[in-house]
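Worksheet: one structure, shown below.
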Amino acid sequence: MLDFLKQGMEFFKHPVQVAGIVFSFSLLQFMLEFFLPAAGLLFFARLVKKAFARWESGSTPHSPGLVKFFKIANKLFHVSLILLILVLLGRLLGAQIMTTLQDVGRLLSRPIMEAGDTKITIVTVLLSIPLVYLAGKIGGFVKKYSRETFLSSVDADRQGSISTMLQYLGGALVLLVGLSILGVDLSSLTVLFGILGIGIGFGLQNQIANMFAGLLILVTRPVKEGDRIQCGSYEGTVSSIRLMNTVLTTLTNEAIIIPNSLLVNREILNYSYDTPSVVIINSVQVSYGSDLDLVIRLLRTVPARNPFAVFEADHSATVASFDDSGITLELRTWIRSVFDRLPARSWTNLEIWREFRKNAIEIPFPQLDLHMDKGCLKPPSAEVDIAKADSAEADNKEFGDGPAR
């Protein structure tokens, strides 16, 4: 046990060595002189930030000058924090700070992957992170700028599809140009991507299918942002169409993330594909003793008063079926927008109930009539006497007794 502890202490006291480069400090020095003090400073900064946020969100109003002063003080505090961390780093490295920085530069410049003339280093990977962020920002700017300028006269549906395509195209161009500036040979990357594509194709085939399905949706537009659709058991409004998936906001304000491949490979009920106007069907039953001609006349007057209806449309009231409990009728009403379907159906049902109540038309309860033949009915006492007589006759036959004389 003591030997193990001694070996551990020697390891912590030994100078740090990474990829053949020996630094001037040990791991123990790094922990005591830099890591622990820097962690303490960051923890203190987090406490100060939380206290400032709590003070800023308090119920007591603060003057604008005081709020501005504390914001400036907060920025100065963060700058001082960065300077203190740099001081700790300089104290750790001491007089060999330039030598250590040169060693770190050589370490970061070592290639971790080579493809032809392209050498991928840690610096390349680190610089590609802000490059991807910049590509996303420029893509968003292209989308916003195109909507406000040359796409402003295009209808909203086409405007969304074209601007999204331009967003992806602008981001891809920025990414390719940035990679070439970083020294990445794009021609050699095609070979590398071809090799990696075999493995990626098996592991990420669903994601790739969703990506191409997203591009297909943007081009062919079977669904658009703002459409009311039904996908499987979910019904709602398409809030956004992204490259990999589509966000559907349901009638209960829940966000459903649907992979784009499902929207391409299965049937989608799009209520507002060409026009938002749809037909709602209200079913109602009346008793068999009702005057059907009067019922149909009353039903046909309801759509004319419906505030959601298309008044010039051809509404209809028909006899649907003769059921066990009554006669089923259906009222078909054209409404202006599918988004008003629920309130329009509720309004129609309530108006039908009012008309039927005003004209004494019965809406029957579920019922079943049972008819029995009176000749088959016998009193319970007679059934018992007949059963006893049959049993006595069977006993006489079994023992051979003749009839009583």
Residue satisfying condition, being closer than 30 Å to residue 352 by Cα and either in contact (Cβ under 8 Å) with a residue 40 or more places away in the chain or not hydroxyl-bearing (Ser, Thr, Tyr) (or both), within set 258, 241, 280: 280
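Name every residue in region 194-211 that is surrounded by fewer than 20 Cβ atoms within 10 Å (Cβ to Cβ), in a helix (DSSP H, G or I) and either of a type outside the set (Val, Ile, Thr) or at pLDDT 80 or above (or both), in order of residue number. I'd like the intermediate steps shown before the answer.
Of region 194-211, the ones surrounded by fewer than 20 Cβ atoms within 10 Å (Cβ to Cβ) are 194-209, 211.
Still in the running and in a helix (DSSP H, G or I): 194-203, 205-209, 211.
194, 196, 197, 199, 201, 202, 203, 205, 206, 207, 209, 211, listed by residue number.
The values are calculated or read from the model by the stated rules, or taken from the named source; none is laboratory data. Worth saying up front: this structure is predicted, and the values here are computed from it rather than measured. In this analysis, Cβ positions are derived from the backbone assuming ideal geometry, glycine residues included, and neighbour counts consider all displayed protein chains.
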